[in-house]
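Nothing in this text is a laboratory measurement; each read-out follows from the coordinates by a stated rule. For clarity, every value in this text was computed on a predicted model and none was experimentally measured. Please note: Cβ atoms are built from the backbone with ideal geometry, for glycine as well, and neighbour counts cover all protein chains shown.
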Amino acid sequence: MSHPLYVAFIWHQHQPLYKSRLSSNEKSGEYRLPWVRLHGIKDYLDLILILEKYPKLQQTVNLVPSLILQLEEYASGKAMDPYLALTLTPVSQLTTAQKEFIINHFFDANYHNSIRPHRRYDELYQQRHDLGPRWCLKNWTEQDYSDLLAWHNLAWFDPIFWSDPQIGVLIEKGKGFTLADRKLIWEKQREIISKIIPQHRKMQNTGQLEVTTSPYTHPILPLLADTDVAKVAVPNISLPSRRFQWEEDIPRHLDKAWSIYEQRFGCQPRGLWPSEQSVSPAILPHVARRGFKWLCSDEGVLGISLHHYFYRDETGNVYDPERLYRPYRLKTPEGDLSIVFRDHRLSDLIGFSYSSMDHHQAAKDLIGHLEAISRTLKHKQPDNQTSLTDPWLVTIALDGENCWEFYQQDGRLFLESLYERLSRQDDIKLVTVSEFLEKFPPTASLDSRYLHSGSWINANFTTWIGDPTKNKAWDYLAEARETLARHPEATEDVNPAAWEALYAAEGSDWFWWFGDPHHSAHDAIFDQLFREHLIALYQALNEPVPEYLYQPVEEPKKQENYIPGSFIHPPIDGAGEDEDWEKAGKITVGGGRGTMHRASVIPCIYYGWNHLYFFLRFDLRPGVQAGKDLPSELHLAWYYVDRPGPNTRLPLLNVPEEEPLNYNYRHHLGIHIPSQTCWLEEAGDDGQWHARYCDARVALGRSLEIAVPWHNLHVDPDQEIRLIAVLADNGFFKEALLDNQLIPLRVP
């Protein structure tokens, strides 16, 4: 029997519990942040409405219970957040503090795709950007504030909703918005949000969609069972002083998720997206006992479980697809489970890289990878048949909300191009996970006792535990959990407030934002919410609240240097916008041996990468001119850690005989700064530099920004790189930008 290549998309929709438990009136529904509401009109409904236009395609969507509950409160009008409250306030009544908040926070959107396309919104943005918040506070009129309040909300509507006559009229109006306009915007938001759950239910009933769930408030189940499980992947990890061991909380989160799902969808869930795709042997019996049939995790977890590393070729395709692209059976004392493992790279291409490509090219690239997987599987068949003789399943699983803000039209153009092509393909078939498992139960097994304990990030838990601030938060949580345990009379029926506060505090998001490497403009609010949930627990038990819960877990600090927090995809325009480089690493330039140029002309360097490019940004002091204050050339040279092959010296004159300037390097990129041109060279066996094709991009403005395509370098995935940056004039060395330091890069 011949088969197409089966592909399961799983979109994960999640937001933490933003509702404060310290509201003076619980019915007030006071939310600290607006992201459930704003993502509700941008990401959840449109994703499946686009899919509905292509009935041959099936997909899976995961809706976290804590997200469902918040969406319902917004749809009913019970929820209120500070941004919404200001939107509905007459501008004549705004206080100075409220105006400052609006100026500072109502541009919280992607500039390139959500602000710049709208003339009035961009006009206000440029005033704040160029003239500063103080100028805006002094000079803006009531109409300016009214327009900004309106546009902050309008810009979040997915373009698919612009065809709605009332929304279309508001967008066309552009400026001169009134309070009545802003109230209408809120009504349209509620209208869209109210359709999210019913549309998912409808499409699941027709068979085009499978809806799955996660533990109630998105806790990391392995860490609830025992925080020492973090040592499995990182034996020398620094752990909290109090060991958290509350495995009994796992069935509580699963039971609540199960109940919420049944009430909304009229059936039982089959699949479980374990929070952060985190798994361990300890959680499996609980998952099976609750009745789930399958769960998903990451290829890194599978690789370690199999004692096998998934090597890829330089195009990013795995050499041994027969190990990755199949479900596995896990035997537990409570029954069998199926588990699928996502292709990490394909998932990340959608999540982090395709947004910087033309949407047609991105869609073709993804399909090209799927076709390459199919060809490799066919080549491995012993009978040389031209079609697949076994059913293989490629799982692509990722966040279904945050990536789209970096795409044109919120990803619609990419998804439509992808779906149109897939609808015409007979040799690639999109399926739900349960649909595939029902037809093709797993034929391979994993020993449940040796399933690796890890997550979707590096197959470990260091994103949520191990950092000093994260560990402090775990200590706070452990103390609160032990306090609750000392109150056996406080059952969930008798004291639900205490348990709800605990569940909220056990969510993964707080630990994500504590410490390094993840930071945002709202770190303080996440810190506050975590502590408010714990404070509410103590208050519900009539216990004294520890004084430390009234102080931030993490003291605000300005970091001079930090490593990349995620993939980046900045436009190369020389603007040096911090928003575009928010997840990049940063190195402050300077030091004891620094010259005037080193100390001030280029004060800092940003660096990062995605699956298509690595990026560098060299900030320039205002007024600096290349060739005058700044040498005319920037030279980048790098070598590959543990990669054999020829390396040679920097191709410059007068280079000092000191490390790392006297190291040998494999590639050299020269940049003529005034003309923004560049050339690429590779070291040869003869010790000489040889010209290579290069389509790197360079832009000079307030910063010098550079993007170098990986495909120019012909390197394998996971290759470590060490790079040096040197200034020169006409081939004569002037200075190295960093003392005894190399910039670390890594091929995805």
### Residue exposure sequence - SER356, SER453 - by fewest surrounding Cβ within 10 Å
SER356, SER453
### Task
List the residues whose amide H sits under 5 Å from the amide H of PHE614, counting only those 5 or more places along or on another chain, with H placed 1.01 Å from N in the peptide plane.
VAL708, TRP710
### Query
Using modelled backbone amide H atoms (1.01 Å from N, in-plane), which distant-in-sequence or interchain residues come within less than 5 Å of GLY590's amide H?
ASP739
### Message
If you scale each eigenvalue of the Cα gyration tensor by 5 and take the root, what three semi-axes come out for segment 67-163, rounded to whole angstrom and sorted largest first?
### Response
24, 18, 11
### Those trypsin sites (Lys or Arg not before Pro) in segment 41-86 that DSSP places in a loop and that have at most 14 other beta carbons within 10 Å
LYS53, LYS56, LYS78
### Query
Between segment 92-115 and segment 676-748, how many Å separate their Cα centres?
40
### Query
Of the peptides 537-546, 490-499, how do they stack up when ordered by the mean number of other Cβ atoms within 10 Å, highest first?
537-546, 490-499
### FRET efficiency estimate (nearest 0.05) - Cβ-Cβ, GLU555 to THR141, R0 56 angstrom
0.90
### Task
Over the chain, calculate the relative contact order: mean separation of alpha carbon pairs under 8 Å at least 6 apart, over the residue count, as a percent.
14
### Task
Please work out how much length the chain gains when fully extended from LYS380 to CYS694, using 0.36 nm per residue of separation minus the C-alpha to C-alpha distance, in nm with one decimal.
109.5 nm
## Note on the structure
Of all DSSP beta bridges with both partners in segment 198-450, the antiparallel percent, nearest 5, is 35
### Query
R0 = 45 Å: FRET efficiency of ASN236 with THR491, Cβ-based, nearest 0.05?
0.65
### Query
How far is the Cα center of segment 541-584 from the Cα center of segment 303-353, in Å?
31
### Summary
Here, the chain modelled as identical Cα point scatterers in vacuum has Debye log10 I(q)/I(0) at q = 0.09 Å⁻¹ of -0.92
### Query
Hey, what do the phi angles of segment 296-310 turn into as Karplus ³J(HN,Hα) couplings, whole Hz, using 6.51/-1.76/1.60 and θ = phi - 60°, x for Gly and Pro?
10, 8, 9, 4, x, 5, 5, x, 5, 4, 8, 6, 9, 9, 7
### Query
Using unit Cβ charges (K, R positive; D, E negative) and no other charged atoms, how large, in debye to the nearest 20, is the dipole of segment 198-450 about its Cα centre?
560
### Message
Only sites in a loop by DSSP and with at most 16 other Cβ atoms within 10 Å count here; which trypsin sites (Lys or Arg not before Pro) in segment 243-321 make the cut?
### Response
ARG243
### Query
With the contact rule set at Cα under 8 Å and sequence spacing of 6 or more, what percent relative contact order holds for segment 468-550?
36
### Summary
Karplus-derived 3J(HN,Hα) from phi for segment 633-649 (6.51 cos²θ - 1.76 cosθ + 1.60, θ = phi - 60°), whole Hz, x at Gly and Pro, runs 10, 10, 10, 10, 9, 8, 10, 10, 5, 6, 10, x, x, x, 10, 8, 6
### Summary
Long-range amide H partners of ASP729, meaning residues 5 or more apart or on another chain whose placed amide H is closer than 5 Å, are LYS734
### Sum of side-chain charges, GLY684 neighbourhood, beta-carbon under 12 Å (Lys, Arg +1; Asp, Glu -1)
-2
## Note on the structure
From fewest to most C-beta neighbours within 10 Å, the residues ARG326, ARG182, ARG32, ARG424 line up as ARG424, ARG32, ARG326, ARG182
### Cβ crowding within 10 Å averaged over residues, with 456-465, 637-646 ranked highest first
456-465, 637-646
### Message
How long are the semi-axes of the equivalent ellipsoid of segment 468-550, taking √(5λ) for every eigenvalue λ of the Cα gyration tensor, in whole Å from largest down?
### Response
24, 12, 11
### Query
Which percent, to the nearest 5, of DSSP beta bridges fully inside the chain are antiparallel?
65
#### Entry: Of ALA521, LEU477, HIS487, farthest towards positive along the dipole that unit charges on Lys, Arg, Asp, Glu beta carbons give segment 468-550
ALA521
### Task
Calculate the spin-label point distance for ARG116 paired with SER566, positioning each point 7 Å from the Cα along the beta-carbon direction, and give it in nanometres.
2.0
### Message
Distance cut-off 18 Å, Cα to Cα: go down the list LYS293/LYS439; LYS78/LYS173; LYS293/LYS331 and report the pairs above it.
### Response
LYS78/LYS173
#### Entry: Net charge dipole size for the chain [Lys, Arg +1 and Asp, Glu -1 on Cβ; Debye, nearest 20]
900
### Query
Fewest first, what order do TYR319, TYR261 take by the number of other Cβ atoms within 10 Å?
TYR319, TYR261
### Query
Roughly how big is segment 578-746's charge dipole about its Cα centre, with Cβ charges of +1 (Lys, Arg) and -1 (Asp, Glu), in debye to the nearest 20?
340
### Query
Whole-Hz Karplus ³J(HN,Hα) for segment 399-405, in order, using 6.51 cos²θ - 1.76 cosθ + 1.60 and θ = phi - 60°, x for Gly and Pro?
4, x, 10, 6, 6, 5, 5
### Query
Where in segment 208-247 does the label zone of HIS307 land, with the point 7 angstrom along Cα→C-beta and an amide N cut-off under 20 Å?
232-235
### Query
Highest mean first, what order results for 698-706, 379-387, 277-285 on Cβ atoms within 10 Å?
277-285, 698-706, 379-387
### Query
Percent relative contact order of segment 111-192, based on C-alpha pairs within less than 8 angstrom and at least six residues apart?
33
### Query
Farthest toward the dipole's positive end in segment 344-449, which of SER417, ALA372, LEU430, given Cβ charges of +1 (Lys, Arg) and -1 (Asp, Glu) about the Cα centre?
ALA372
## Note on the structure
One finds the C-alpha centres of segment 1-77 and segment 466-486 to be spaced, in Å, by 29
